[in-house]
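S.K.: Following this message is one structure expressed as structure tokens.
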Amino acid sequence: MPSPRTLLIGLLVLVAVGVGGAALAGCTTIQINETDVFLPKPSITPLTFEKDGVTLTEYYVESDSVRLNAWHLERQNARGTVLFFGGNGFYLVQSRGYVEALTDLPLNVLMFDYRGYGKSSGEPAVQAFKKDALRMHAFAVDSLGIPPEELIVHGHSLGTFMASHTASQRPVSAVVLENPATNVEDWIDGLAPWFVRLFVNFDVAESLQGESNVEAVRALDLPLLIVAGEEDQVTRPEMARELFNASSSASKNLVVVDSMGHNHLYRDGTYRVGYEGLIDTALPSMTKTPLPAETASE
């Protein structure tokens, strides 16, 4: 069964064909190059990972009856640790961009594959993801020995819901929401142009209803960094601005990256500047995260 997003894309294609059919019937030519066909994604593994001054340790973290595959990246002179929650298409083996960008900062990184993704067992489900998010926080604090006051939770796209949920339930030092959605309903509305919504109704599953970053940021009094791409067509930048305005944080910053979309914002210098500002606010002391006191099964 095709996913709702696949069906939506197909519908948009049909609409486009219907509107532009007359033009296409003429002598219009559409050029397709090799760059349009091939979509390479550089990958890494614990065995092939190599970066000066950074070590990668792989863990399997038990959460209910599933095992979550996690990577802990440690660098010299780290001032804190980022617990990273990826987007819907995030996989550890394709995380080179985030690994490079975050460890270029004075930060350690803990990231994992959602259940049902990569080498993590189980089946994807919203409530299960939220439980896993809290389990990874517990693993960071209890097993890796990371003080909560040195822990930043960072979510991208879908992961912003996990980051805000974790920050609302557990102690952390700061929150990063990258390409966030206000809530699931607004997110879906933003994916479908107005002319599609004239003909199609979207029935949001009960398990997804009520998931809201707006309510979460209103209740958080923590340093907050919100990053968005001005050209993002998946989670529109207007939602990032709405979340920024709704936040009750006394220390908040909104970074909107020009000419960038839903992915790879870390390639822009303003992304790093915003992150450095958050680190200086939330992690002012030059402390080094201690080595693990106890570990899960490797």
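The values are calculated or read from the model by the stated rules, or taken from the named source; none is laboratory data. Since we're looking at a predicted model, the values are computed, not measured. Quick reminder, even Gly has a Cβ in these numbers, built from the backbone with ideal geometry, and neighbours come from all protein chains shown.
S.K.: Name the single residue that is farthest from the chain's Cα centre (by Cα) among those in the range 116-144 being of a type in the set (S, T, N, Q) and assigned to a helix (DSSP H, G or I).
M.R.: Start the filter on the range 116-144 by keeping residues that are of a type in the set (S, T, N, Q), which leaves 120-121, 127, 143.
Then keep just the ones that are assigned to a helix (DSSP H, G or I); that gives 127, 143.
Working: GLN127: 17, SER143: 23 Å.
Applying the filter and picking the extreme gives SER143.
S.K.: Answer yes if at least one residue in the range 30-53 is within 22 Å of SER143 (Cβ to Cβ), touching a strand residue (DSSP E or B) at 6+ places or on another chain (Cβ under 9 Å) and aliphatic (A, V, I, L, M), and no otherwise.
M.R.: Keep residues of the range 30-53 that are within 22 Å of SER143 (Cβ to Cβ), which gives 46, 49.
When the remaining residues are screened for being touching a strand residue (DSSP E or B) at 6+ places or on another chain (Cβ under 9 Å), the result is 46, 49.
Those still in the list that are aliphatic (A, V, I, L, M) too: none.
Within the range 30-53, none of the residues are within 22 Å of SER143 (Cβ to Cβ), touching a strand residue (DSSP E or B) at 6+ places or on another chain (Cβ under 9 Å) and aliphatic (A, V, I, L, M).
S.K.: Can ALA205 be described as modelled with pLDDT under 90, surrounded by fewer than 17 Cβ atoms within 10 Å (Cβ to Cβ) and either within 20 Å of the chain's Cα centre (by Cα) or outside any helix (DSSP H, G or I) (or both)? Before you say what the answer is, go through the steps one by one.
M.R.: Working: modelled with pLDDT under 90: yes; surrounded by fewer than 17 Cβ atoms within 10 Å (Cβ to Cβ): yes; either within 20 Å of the chain's Cα centre (by Cα) or outside any helix (DSSP H, G or I) (or both): yes.
The answer is yes for ALA205.
S.K.: Quick check on my filter: what residues within the range 90-128 are among the charged types (D, E, K, R) and within 19 Å of ILE152 (Cα to Cα)?
M.R.: The initial filter retains those residues of the range 90-128 that are among the charged types (D, E, K, R), namely 96, 100, 104, 113, 115, 119, 123.
Passing the criteria: GLU100, ASP104, ASP113.
S.K.: Next question, about the same structure. Within the range 168-178, track down each residue that is small (Gly, Ala, Ser) and more than 18 Å from GLY277 (Cβ to Cβ). Outline the logic, then answer.
M.R.: Of the range 168-178, the ones small (Gly, Ala, Ser) are 168, 173-174.
Answer for the range 168-178, where residues must be small (Gly, Ala, Ser) and more than 18 Å from GLY277 (Cβ to Cβ): just SER168.
S.K.: Sort out which residues of the range 30-47 are in contact with a helix residue (DSSP H, G or I) (Cβ under 7 Å, 6 or more places away or on another chain) and modelled with pLDDT under 75, and write them in order of number.
M.R.: Keep residues of the range 30-47 that are in contact with a helix residue (DSSP H, G or I) (Cβ under 7 Å, 6 or more places away or on another chain), which gives 41-45.
Within the range 30-47, LYS41, PRO42 qualify.
S.K.: Now for a separate question. Report the residue count in the range 148-187 for those that are assigned to a strand (DSSP E or B) and either under 13 Å from LYS130 (Cβ atoms) or within 8 Å of the chain's Cα centre (by Cα) (or both). Walk me through how you get there before you give the answer.
M.R.: Within the range 148-187, the first condition is being assigned to a strand (DSSP E or B), and the residues that meet it are 151-156, 174-178, 183.
Keeping just the survivors that are either under 13 Å from LYS130 (Cβ atoms) or within 8 Å of the chain's Cα centre (by Cα) (or both) gives 153-156, 177-178.
Result for the range 148-187: 6.
S.K.: Out of curiosity, is ASP189 on the phi < 0 side of the Ramachandran plot and modelled with pLDDT under 95? Spell out how you get there, then give the answer.
M.R.: Working: on the phi < 0 side of the Ramachandran plot: yes; modelled with pLDDT under 95: yes.
In short, yes.
S.K.: Output the number of the condition that ASN179 fails; it satisfies all remaining conditions of (1) surrounded by fewer than 20 Cβ atoms within 10 Å (Cβ to Cβ); (2) touching a residue at least 24 places away in the same chain (Cβ under 8 Å).
M.R.: Only one criterion in (1) surrounded by fewer than 20 Cβ atoms within 10 Å (Cβ to Cβ); (2) touching a residue at least 24 places away in the same chain (Cβ under 8 Å) is unmet by ASN179, namely (1).
S.K.: In the range 61-102, how many are at pLDDT 95 or above, over 16 Å from the mean Cα position of the chain (by Cα) and either under 19 Å from GLY145 (Cα atoms) or not charged (D, E, K, R) (or both)?
M.R.: 13
S.K.: Follow-up. Can you tell me which residues in the range 273-289 are within 11 Å of PRO106 (Cα to Cα) and either of a type outside the set (Ser, Thr, Tyr) or modelled with pLDDT of 95 or more (or both)?
M.R.: TYR275, GLU276, ILE279, ASP280, LEU283, MET286, LYS288
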